[in-house]
Amino acid sequence: MRPTLNDTGFMFQKRDAYADDFIAFAGSCAEPVLEVGCAYGVATQPALTAGARVVACDLDQRHLDILWDETPPDDRDRLEIVQGQLPYVDFAAEHFGAILCSRVLHFLDGSAIDASVRKMFRWLKPAGRLYLVADTPYGIWRNFVPTFEAKLARGDRWPGLMIALENWLPRSSSTANRPIKGPPFMNLLVPELMVRCCEEAGFRIERSGFIDRSDFGGLGSMDGRENAGVLAIKPA
Ligand SMILES: C[S@@+](CC[C@H](N)C(=O)[O-])C[C@H]1O[C@@H](n2cnc3c(N)ncnc32)[C@H](O)[C@@H]1O
């Protein structure tokens, strides 16, 4: 785990199957691909190695500077770095063959998630592939699970919206309820919420499901549902 510089958690050096699929596709894709919320380029670097042309976008210019410095000089002519923030950043319509947005959407409120996914639909070429991965309540935020499941059952549109994060982390009695360094809120997701969001934007769902990230480690027992992933296709 490599910490971000802006208190948005960690970049996991060990990739999941969605990132691996994105990288494999990117290597054979004629069009450029986009990694948004790339941090230090967990998928950008191997996609470049595979021969892809990559636009790497992140909220924090410091992450992008490190990515640039760590990119082998021979790969830099196929790398473009763009500082930008979802849902405000924008790219040309029908520009990318694939997009990976891994572990970023849960930092956005519901309308910003919907707006971001609608933009990604527009940025993709027909038949383009969108890979989304997000944090669920079933990882480190599992104290929030009963609240989340009650809201999901009653049909809340964004049941994972969680403020006062310090109330939901597993903590010792001496650290309980002390403010933590981090984002002002999280909006935890599960596959069915991500599928709804993609379908409403016009995508066809190729696959979706929980992702076992019990290798998050060190924070008590995990149950194999720590992340959620979707592979969504823009109709040709
Ligand atoms: C938890 S890290 C995920 C890094 C990597 N994608 C991964 O899967 O391990 C979140 C990254 O997303 C970036 N980020 C957070 N909010 C963002 C936003 N609204 N738009 C673009 N990037 C954002 C952060 O700067 C950070 O680099």
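The values are calculated or read from the model by the stated rules, or taken from the named source; none is laboratory data. Quantities reported herein were computed from a predicted structural model and do not represent experimental measurements. No Cβ is skipped: glycine too gets one built from the backbone with ideal geometry, and neighbour counts run over all protein chains shown.
Go over the candidates ALA134, ALA127, ALA150 one by one and state the one that is surrounded by fewer than 16 Cβ atoms within 10 Å (Cβ to Cβ) and either under 15 Å from the mean Cα position of the chain (by Cα) or assigned to a strand (DSSP E or B) (or both).
Exactly one of ALA134, ALA127, ALA150 is surrounded by fewer than 16 Cβ atoms within 10 Å (Cβ to Cβ) and either under 15 Å from the mean Cα position of the chain (by Cα) or assigned to a strand (DSSP E or B) (or both), namely ALA127.
Filtering region 50-66 down to residues that are over 18 Å from MET120 (Cβ atoms) and surrounded by fewer than 21 Cβ atoms within 10 Å (Cβ to Cβ), which residue is farthest from the ligand (Cβ to nearest atom)?
Residue satisfying both the conditions and the ranking: GLY51.
Scan region 1-16 residue by residue and report those that are more than 6 Å from the ligand (Cβ to nearest atom), out of contact with any Lys or Arg (no Cβ under 6 Å at 6 or more places or on another chain) and at pLDDT 85 or above.
If the condition is that a residue be more than 6 Å from the ligand (Cβ to nearest atom), out of contact with any Lys or Arg (no Cβ under 6 Å at 6 or more places or on another chain) and at pLDDT 85 or above, then PRO3, LYS14, ARG15, ASP16 are the ones that fit.
Could you check, for region 97-114, whether at least one of its residues is buried (at least 20 other Cβ atoms within 10 Å of the Cβ), of a type in the set (A, V, I, L, M, F, W, C), away from the ligand (no atom under 13 Å from the Cβ) and over 16 Å from the mean Cα position of the chain (by Cα)?
no
Residue under question is VAL89, and the condition is that it be within 10 Å of the ligand (Cβ to nearest atom) and either surrounded by 21 or more Cβ atoms within 10 Å (Cβ to Cβ) or over 23 Å from VAL42 (Cα atoms) (or both); does it hold?
No.
Being small (Gly, Ala, Ser) and within 14 Å of the ligand (Cβ to nearest atom) narrows it down to one of ALA30, ALA47, so name that one.
Numbers: ALA30 fails: within 14 Å of the ligand (Cβ to nearest atom).
Just one listed residue meets the conditions, ALA47.
When both residues are 6+ apart or on different chains and their Cβ atoms are under 9 Å apart, which pairs have a first residue that lies in region 184-208 and is free of Cβ contacts under 8 Å to residues at least 60 places away in the same chain and farther than 16 Å from GLY128 by Cα, and a second that is surrounded by 15 or more Cβ atoms within 10 Å (Cβ to Cβ) and among the basic types (Lys, Arg)?
Pairs that qualify, where the first residue is free of Cβ contacts under 8 Å to residues at least 60 places away in the same chain and farther than 16 Å from GLY128 by Cα and the partner is surrounded by 15 or more Cβ atoms within 10 Å (Cβ to Cβ) and among the basic types (Lys, Arg), are VAL190/ARG225.
Return a yes/no flag: does region 154-172 have any residue that is away from the ligand (no atom under 12 Å from the Cβ), polar (S, T, N, Q), in a loop (DSSP other than H, G, I, E, B) and crowded, with 21+ Cβ neighbours inside 10 Å.
There is no residue in region 154-172 that is away from the ligand (no atom under 12 Å from the Cβ), polar (S, T, N, Q), in a loop (DSSP other than H, G, I, E, B) and crowded, with 21+ Cβ neighbours inside 10 Å.
With the checklist (1) in contact (Cβ under 8 Å) with a residue 40 or more places away in the chain; (2) buried (at least 24 other Cβ atoms within 10 Å of the Cβ); (3) part of a helix (DSSP H, G or I) in hand, flag the one item ALA47 doesn't pass.
The single condition ALA47 does not satisfy is (1).
(1) surrounded by fewer than 21 Cβ atoms within 10 Å (Cβ to Cβ); (2) under 16 Å from THR8 (Cβ atoms); (3) of a type outside the set (A, V, I, L, M); (4) more than 8 Å from the ligand (Cβ to nearest atom): which one isn't true of GLY84, the others all being true?
Exception for GLY84: condition (4).
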